[in-house]
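Since the structure comes first, as structure tokens, the remarks are kept for the end.
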Amino acid sequence: MGVRALLVTALLTAAVGYYLYTPLPDAIQEPWKLLAVDAGFRTIMHLASLKHWLGLDHSATSIQRSIDGFESTVKSLVGSESSGGVIPGVKVSDVSFAGIPVRVYEPPAGGEGHLRRGLVYLHGGGWALGSAKKGSWDAVNRMVSDELNTVVVSVEYRLYPEVLFPEPYLDCLAAAKHFLSPAVLAKYSVDPERVAVAGDSAGGNLAAAVAQGISMDESVAVKFSVQALIYPVLQALDFNTPSFLQNQHMPILRRDTMVQFWLQYLGADLSLLPQLVANNHSASQHSGITPELRSRIDWTALLPQKFKKNYKPVVVEKGSQEILKKVPGFLDVRAAPLLAGPEVLAKCPRAFIITCEFDVLRDDGLMYARRLQDAGVSVTNEHYEEGFHGSFSFLFWPMDFDVGKRSVRAYINWLQNNL
Ligand SMILES: *[C@@H]1O[C@H](CO)[C@@H](O)[C@H](O)[C@H]1NC(C)=O
């Protein structure tokens, strides 16, 4: 072997090692599959940053395009059946609700005069990626429509970089209000007593925020009767909760990536990332954060010991007072639903909350479950000891995970019994 070949081999080995070597906890099942999926995502993200840096494309746009390319390749290789396929009875239409594009799934017609369930779905993807029309979001919504006789409205809200907070929230709220109007529910034969709002990850954030908004809005007569939040994003003041610390390097959502999604969504300067990771934006001397507000995200009081372990709170004394002044979204309940007061939570619908042990967002979900319960709202917390962020979307070969399939089944069963 020549020197050049040796060098190339060494570089390739290092590159593969760099991508594939992320130590995973023993509880993770199918670890090699997760590492492979993670390597794929990281390659897409790195290439996107490179293109962005070269001025060729906005990184969020090119990540979206690469994921689309990957999905259509898989589809053409294995046929659309394995990626959820088309359920014959479900009618799918792409229409607009109050000017917002939505995809509506209507179940096979039941008997005349029978009212059906309704569900508003908000997909995840860090407020920057994903689509109602794609992948497992589309597939799960078809299943819910078919199996639970439900009219599902999946909102194609606008994403970063096209828009920033609060636009994505306002898009979802407007589409939800339109669906909840008595005339529209009647048009779709939906029972006003049985309408849910649901979402995963950043979509879980939007679902929780929209549920609060609708609950508090006296001009909306029909309210959601349940909310289903799948590993939701709920606060941006503490990036050092036990789950953010424990899972900071965990595929496929690392702490830095989550913080970057927040900075993008709130329209903040991306160079603030190290300050946020250090909790410098929520320093204890910050006059904008009252003790009452702080108690609403205080994991030392809100988490069971099992999750607190030996972690210590990271509270910086001085930090940077400027960040919250420049980026008011950090303190806005429409961005961070965990900051809402007990009087708001008390009005919220019954909740199903999925949390995963190996997810930076685990404690966001656990704290919200506890606070809703303290406010008198009934909550089912489905916690997956072997779960990781994103697992709810990994259902189809070659990216299928048993824990993902089980969590989707649990979501459908809960809706069956509670909606
Ligand atoms: C956080 O703020 C402190 C001042 O309280 C400063 O010394 C430190 O460098 C900041 N950390 C980061 C990561 O910027």
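The values are calculated or read from the model by the stated rules, or taken from the named source; none is laboratory data. Keep in mind the model is a prediction, meaning the values are calculated, not measured. All Cβ positions, even for glycine, are placed from backbone atoms using ideal geometry, and neighbour counts span all protein chains on display. Each accessible area value is taken on the protein alone, full model and side chains, heavy atoms only, with ligands, DNA and RNA left out. Shrake-Rupley method; radii C 1.70, N 1.55, O 1.52, S 1.80 Å.
Applying the selection to region 242-266, what residues are part of a loop (DSSP other than H, G, I, E, B), among the hydrophobic types (A, V, I, L, M, F, W, C) and either surrounded by fewer than 24 Cβ atoms within 10 Å (Cβ to Cβ) or out of contact with any strand residue (DSSP E or B) (no Cβ under 7 Å at 6 or more places or on another chain) (or both)?
As a first pass, look at region 242-266 and keep what is part of a loop (DSSP other than H, G, I, E, B): 247-254, 266.
From the residues that got through so far, the ones that are among the hydrophobic types (A, V, I, L, M, F, W, C) too are 250, 252-253, 266.
Of everything in region 242-266, those that are part of a loop (DSSP other than H, G, I, E, B), among the hydrophobic types (A, V, I, L, M, F, W, C) and either surrounded by fewer than 24 Cβ atoms within 10 Å (Cβ to Cβ) or out of contact with any strand residue (DSSP E or B) (no Cβ under 7 Å at 6 or more places or on another chain) (or both) turn out to be 252, 253, 266.
Considering only residues of region 160-189 that are touching a strand residue (DSSP E or B) at 6+ places or on another chain (Cβ under 6 Å) and over 13 Å from residue 98 (Cα atoms), which is least open to solvent (accessible area, probe 1.4 Å)?
Filtering region 160-189 for residues touching a strand residue (DSSP E or B) at 6+ places or on another chain (Cβ under 6 Å) gives 171-172, 174-176, 178-179, 185, 188-189.
Within this subset, residues satisfying the condition of being over 13 Å from residue 98 (Cα atoms) are 185, 188-189.
Numbers: 185: 2, 188: 19, 189: 44 Å².
Residue satisfying both the conditions and the ranking: 185.
Looking at region 15-46, which of the residues that are open to solvent by 60 Å² or more (accessible area, probe 1.4 Å) and over 23 Å from residue 67 (Cα atoms) is modelled with the lowest pLDDT?
23
Restricting to region 404-419, count the residues that are of a type outside the set (Phe, Trp, Tyr) and surrounded by fewer than 21 Cβ atoms within 10 Å (Cβ to Cβ). Walk me through it before giving the result.
Residues of region 404-419 of a type outside the set (Phe, Trp, Tyr): 404-410, 412-413, 415-419.
When the remaining residues are screened for being surrounded by fewer than 21 Cβ atoms within 10 Å (Cβ to Cβ), the result is 405-406, 409-410, 412-413, 416-418.
Looking only at that region, the number is 9.
Take the residues in region 311-329 that are open to solvent by 70 Å² or more (accessible area, probe 1.4 Å) and more than 16 Å from residue 239 (Cβ to Cβ); name whichever of them is nearest to the ligand (Cβ to nearest atom).
Result: 318.
Only residues in region 144-163 that are in the same structural domain as residue 176 (by TED's automatic domain parsing) count as the first member; pair them with residues that are of a type in the set (Phe, Trp, Tyr) and assigned to a loop (DSSP other than H, G, I, E, B), Cβ under 7 angstrom, at least 6 apart or cross-chain, and list the lot.
Pairs that qualify, where the first residue is in the same structural domain as residue 176 (by TED's automatic domain parsing) and the partner is of a type in the set (Phe, Trp, Tyr) and assigned to a loop (DSSP other than H, G, I, E, B), are 151/188; 159/127; 160/127.
Which one of 395, 366, 372 is open to solvent by 10 Å² or more (accessible area, probe 1.4 Å), at pLDDT 95 or above, assigned by TED's automatic domain parsing to the domain that holds residue 127 and away from the ligand (no atom under 16 Å from the Cβ)? Give the steps one after another, and end with the answer.
On the way: 395 fails: at pLDDT 95 or above; 372 fails: open to solvent by 10 Å² or more (accessible area, probe 1.4 Å).
Result: 366 is the single residue among 395, 366, 372 that is open to solvent by 10 Å² or more (accessible area, probe 1.4 Å), at pLDDT 95 or above, assigned by TED's automatic domain parsing to the domain that holds residue 127 and away from the ligand (no atom under 16 Å from the Cβ).
Checking the condition within 22 Å of residue 265 (Cα to Cα), of a type outside the set (A, V, I, L, M, F, W, C), modelled with pLDDT under 80 and over 20 Å from the mean Cα position of the chain (by Cα), which residue from 49, 80 passes? Give the steps one after another, and end with the answer.
Numbers: 80 fails: within 22 Å of residue 265 (Cα to Cα).
Just one listed residue meets the conditions, 49.
For region 330-347: of the residues being open to solvent by less than 10 Å² (accessible area, probe 1.4 Å) and out of contact with any His (no Cβ under 7 Å at 6 or more places or on another chain), which is farthest from the ligand (Cβ to nearest atom)? Reasoning before the result, please.
Applying the first criterion (open to solvent by less than 10 Å² (accessible area, probe 1.4 Å)) to region 330-347 yields 330, 335-341, 345.
Cutting the leftovers down to out of contact with any His (no Cβ under 7 Å at 6 or more places or on another chain) gives us 335-341, 345.
Working: 335: 22, 336: 21, 337: 27, 338: 23, 339: 22, 340: 28, 341: 29, 345: 32 Å.
The extreme case among them is 345.
Name the single residue that is modelled with the lowest pLDDT among those in region 265-310 being among the polar types (S, T, N, Q) and within 16 Å of the ligand (Cβ to nearest atom). If you could, list the steps in order and put the result at the bottom.
First, pick out the residues of region 265-310 that are among the polar types (S, T, N, Q): 271, 275, 279-280, 282, 284-285, 287, 290, 295, 300, 305, 310.
Right, trim to within 16 Å of the ligand (Cβ to nearest atom) and you get 271, 275, 279-280, 282, 284-285, 287.
Details: 271: 96, 275: 97, 279: 97, 280: 96, 282: 94, 284: 86, 285: 85, 287: 78.
Only one residue fits best here, namely 287.
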